[in-house]
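No lab work stands behind these numbers, since they all come straight from the coordinates. Here the structure is a predicted model, which is why all the values come from computation and not from measurement. Cβ: placed from backbone, ideal geometry, glycine included. Neighbour counts: every protein chain shown.
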């Protein structure tokens with residue numbers, strides 16, 4: 001059946017207009033006279049190009065399916081790489097860890113403001129008061145002048161990261177910087193302090209917290225309030241004495257103090273609140289293979305511990321007497337004279353500073369066949385509580401009166417200390433030895 005329905009001329013004309021053709025007057029489609037500019041000419045694809053296009057569409061479909069199955073809604077959220085007790089700042093490479101207090105010191109010492117102030121202190125030179133000209137001097141003279149400055153510069157820095165508030169006060173910044181440069185430890189100092197661990201330092205009775213840096217170079221000791229006040233008064237004299245030892249060849253075995261700081265941490269998220277006054281000192285046993293360590297005060301009263309065989313166990317005076325009875329400690333003539341003169345200088349200085357209760361640490365390094373020695377704990381002064389303790393023990397009111405008390409005046413402590421150390425370490429004369437002065 002044939003459909004003979006005719007379209008109206010108007011509709012036919014519109015249809016041809018949509019196709020881009022023209023309808024002649026007699027209604028016959030003669031030819032296509034124009035093409036829209038936006039219609040591209042059909043192109044013929046080669047088999048290689050057709051295959052590449054098909055492969056590309058297949059790859060896009062695979063990726064779309066892959067990400068659809070793994071949408072972000074089904075992923076586990078990424079954890080923040082730091083704990084609430086760890087803090088980072090954009091202008092420093094040091095991570096401040098609340099359980100590692102030395103990291104806050106390292107962060108403060110690496111802050112741009114401190115480095116700028118330190119540069120200004122280092123570049124300040126003394127001038128000739130008469131001519132006003134800057135005096136020329138070598139590096140050692142410059143360091144000595146910085147160490148001998150009577151006034152100390154204390155710098156306090158406060159930081160905040162989130163809800164955590166941190167602060168660090170740097171005492172005697174100029175003097176300690178000169179001391180560290182003289183000891184050639186300034187470059188590695190911040191790196192060492194950036195990480196630390198708690199250190200179980202057996203042998204002491206003060207109850208102070210001890211930390212040790214992970215590289216084993218430095219020891220951080222917490223100070224009591226009494227020791228804090230004592231060191232603030234003691235520090236200028238300490239710098240003066242160490243300047244004589246560094247620049248004028250004064251023999252000394254005082255352990256070196258590299259810094260004095262007060263740190264505070266308050267973090268409500270981790271419930272951490274801490275305030276510590278600390279000294280940073282050299283580790284006398286760094287890079288040493290010690291088999292025995294003795295903490296010696298020259299007293300026989302309550303100065304014995306039961307040996308357990310633990311590594312780095314600290315023994316006391318009575319243990320030393322028992323040890324040298326079987327294995328005496330012998331050193332050569334030069335070493336003996338150097339130790340004797342060092343102890344003489346150090347105890348004289350500490351007695352003048354009204355300091356007592358210090359110790360001589362002696363460690364035996366069997367690999368290098370050396371004795372590692374150094375005076376430690378020389379901060380505590382002879383205050384009224386120590387005087388009272390000495391008076392009570394002298395009269396035998398506590399612990400019996402058979403043995404002499406451990407706490408005596410600085411003058412008596414000095415004499416007892418020198419005499420005991422002379423007995424503990426003996427000299428082996430060589431073929432050039434001449435029996436000269438007898439002490």
Residues of region 275-306 being farther than 30 Å from residue 101 by Cα and crowded, with 17+ Cβ neighbours inside 10 Å, in sequence order, are 297, 298, 299, 301, 303
Residue tally, condition in contact (Cβ under 8 Å) with a residue 60 or more places away in the chain and either more than 18 Å from residue 195 (Cβ to Cβ) or part of a strand (DSSP E or B) (or both), over region 273-283
7
Any chance region 254-272 includes a residue that's surrounded by fewer than 17 Cβ atoms within 10 Å (Cβ to Cβ), touching a strand residue (DSSP E or B) at 6+ places or on another chain (Cβ under 6 Å), free of Cβ contacts under 8 Å to residues at least 40 places away in the same chain and closer than 30 Å to residue 83 by Cα?
no
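Residue by residue, here is whether (1) part of a loop (DSSP other than H, G, I, E, B); (2) touching a helix residue (DSSP H, G or I) at 6+ places or on another chain (Cβ under 6 Å); (3) on the phi > 0 side of the Ramachandran plot holds:
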{"position": "246", "(1), (2), (3)": "no, yes, no"}
{"position": "250", "(1), (2), (3)": "yes, yes, no"}
{"position": "285", "(1), (2), (3)": "yes, no, no"}
{"position": "310", "(1), (2), (3)": "yes, no, no"}
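The rows are residues; the columns are (1) closer than 24 Å to residue 409 by Cα; (2) touching a residue at least 24 places away in the same chain (Cβ under 8 Å); (3) not in a helix (DSSP H, G or I).
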| site | (1), (2), (3) |
| --- | --- |
| 292 | no, yes, yes |
| 319 | no, yes, no |
| 339 | yes, yes, no |
| 347 | yes, yes, no |
| 357 | yes, yes, yes |
| 361 | yes, yes, yes |
| 367 | no, yes, yes |
| 372 | no, yes, yes |
| 375 | yes, yes, yes |
Take region 79-97 and flag every residue that is in contact with a helix residue (DSSP H, G or I) (Cβ under 7 Å, 6 or more places away or on another chain) and either under 21 Å from residue 211 (Cβ atoms) or crowded, with 16+ Cβ neighbours inside 10 Å (or both).
92, 94, 95, 96, 97
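Right, residue 309: farther than 30 Å from residue 83 by Cβ and surrounded by fewer than 20 Cβ atoms within 10 Å (Cβ to Cβ) or not?
yes
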